[in-house]
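Heads up, the thing below is written out as structure tokens.
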Amino acid sequence: MAHPPSPTASSTDGPSGGHRLDGMVSPGDEQAIVDELHSVVTGLRARLTWLKQGGIDAAPAPIPRPARPRPSASSPPVGVGKLDPAAVPAHAAARDPRASLTAPPREPAYDSGPGDSDDAAAIARAAVESSSRLATRSPSAAPKAPVRKAASDAPALSSRPSSEVVYPELQAATSGADGLRVIREFIGDCRRCNLCHGRNQIVFGDGNPTPWLAFVGEGPGADEDRTGLPFVGAAGELLSKMIKAMGEHALKLGFPELAEQLSRERVYIANVVKCRPPGNRVPEADEIAACGGFIRAQLTALSPRVIVALGRTPTQFLLANSAPLGRLRGQFGDWQGVPVMPTYHPAYLLRTPSAKAQVWDDLKLVILRLVEQLSASPTGFVPPPHERNP
């Protein structure tokens, strides 16, 4: 079927059998177009060669190997040590652990067929199709480098607590007031930890040097740092009321001797650390390690009958138990043979008044333990059973 001539120009066959646009392209321009097309074809061929050699994947394409002929049924089996890789089942090869470490199979850069075509359009189409396949390849198909965990993602290592400093000079300290004096003189103007840089005064302790009951807190606050005495702020006032209530309860139970020992003047009060932590924060492990030997020496010199640990820090320090305070309170622990009653700090009661009832229950258990110790004294006095239950 004959096609109608173009309305814009007529064409005639040239000497090479091609087409020339009469009236639109001069003979000189036609040669320039041919040269330009030749340059384009040359560039496309160079581009395809680069793709074929792995220009995008940065790895040369595998050299095709001729297919091995499958052994026939009559062929002898392959001997041991001469296993034909082509005979390995695909599902068995997939289980090879090394398969996950190798790059996925590359797609051929282009399918050239028996030979490179001289048709510029065919070469261009092949290049565009190959580039499109490589550009749209799923990112999951590309080999992934192993991702190294950042330091923040690594599991945190448990920090080993600082070893407590041992002061041999304090082991020979006597008991009572003389022992406390030796300890205070040994501490001196302490510079053994970083708390010394922000303190105003060392808060050593205060009270009766031979008490029946000793209270151990965490560390000094702002008021204590200013005055040099433990528990003198709002929490100290509440502690004084608690001690007074204990004396009144002992007197109500019929133990005036015990009631006499349960007053602010007759008990002893100290802290685990002697200098105020900045902002009233919890003391650090190295600070407790440097200062812990002092409170141990104090308690040894005091020889109290019962110790009340006010808060988590003194409880965990004296009992060497990292369990939560809520689990430890309400039951006696032991420090070198001395009963220790963990309970909440007065500062916590100021923030949580609902916990006062729990603390009062703990203090009544302390009274009961002191009553039992008093009853075991040489006087032989034992209260009636109904009076034993405070």
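Would a scan of the range 253-272 turn up a residue that is over 21 Å from Leu170 (Cβ atoms), touching a residue at least 40 places away in the same chain (Cβ under 8 Å), touching a Ser or Thr at 6+ places or on another chain (Cβ under 9 Å) and not hydrophobic (A, V, I, L, M, F, W, C)? If you could, list the steps in order and put the result at the bottom.
Step one: filter the range 253-272 for residues over 21 Å from Leu170 (Cβ atoms), giving 253-267.
Next, only the ones that are touching a residue at least 40 places away in the same chain (Cβ under 8 Å) stay: 253-255, 257-258, 261-262, 264-267.
If we keep only those that are touching a Ser or Thr at 6+ places or on another chain (Cβ under 9 Å) too, we end up with 264.
Then drop every residue that is not not hydrophobic (A, V, I, L, M, F, W, C), which leaves 264.
The answer is yes; a qualifying residue exists.
Here Gln171 meets the list (1) more than 30 Å from Pro346 (Cβ to Cβ); (2) modelled with pLDDT under 55 almost entirely, failing just condition (2).
Being of a type in the set (Phe, Trp, Tyr), open to solvent by less than 80 Å² (accessible area, probe 1.4 Å) and either under 24 Å from Leu251 (Cα atoms) or modelled with pLDDT under 95 (or both) narrows it down to one of Phe317, Phe332, so name that one.
Phe332
Among the residues of the range 343-364, are any closer than 24 Å to Gly176 by Cα, surrounded by 21 or more Cβ atoms within 10 Å (Cβ to Cβ), touching a residue at least 24 places away in the same chain (Cβ under 8 Å) and in contact with a strand residue (DSSP E or B) (Cβ under 6 Å, 6 or more places away or on another chain)?
Here is the first cut: in the range 343-364, the ones closer than 24 Å to Gly176 by Cα are none.
No, the range 343-364 has no match at all.
Here is the figure for the range 259-297: residues that are farther than 19 Å from Asp189 by Cβ and among the hydrophobic types (A, V, I, L, M, F, W, C) total 9. Out of the residues in the range 286-312 that are over 22 Å from Lys364 (Cα atoms) and of a type in the set (Val, Ile, Thr), which is most open to solvent (accessible area, probe 1.4 Å)? Only one residue fits best here, namely Thr300. Of all residues in the range 232-247, those that are crowded, with 20+ Cβ neighbours inside 10 Å have Cβ atoms under 6 Å from Cβ atoms of residues that are aromatic (Phe, Trp, Tyr), 6 or more apart or on another chain, in Leu239/Phe231. The set of residues from the range 213-238 being in contact with a strand residue (DSSP E or B) (Cβ under 7 Å, 6 or more places away or on another chain) and either small (Gly, Ala, Ser) or under 19 Å from Arg305 (Cβ atoms) (or both) comprises Leu213, Ala214, Phe215, Val216, Gly217, Gly219. If you go through the range 183-212 and keep only what is open to solvent by less than 60 Å² (accessible area, probe 1.4 Å), more than 22 Å from Ile307 (Cα to Cα) and in a helix (DSSP H, G or I), you end up with Phe186, Ile187, Leu195, Cys196.
The values are calculated or read from the model by the stated rules, or taken from the named source; none is laboratory data. Bear in mind the structure is a predicted one, so any value in this text is a computation, not a measurement. Glycine also receives a Cβ, built like all others from the backbone with ideal geometry; neighbour counts cover every protein chain displayed. We work out accessible area using only protein heavy atoms, side chains counted, and drop any ligands, DNA or RNA first. Shrake-Rupley method; radii C 1.70, N 1.55, O 1.52, S 1.80 Å.
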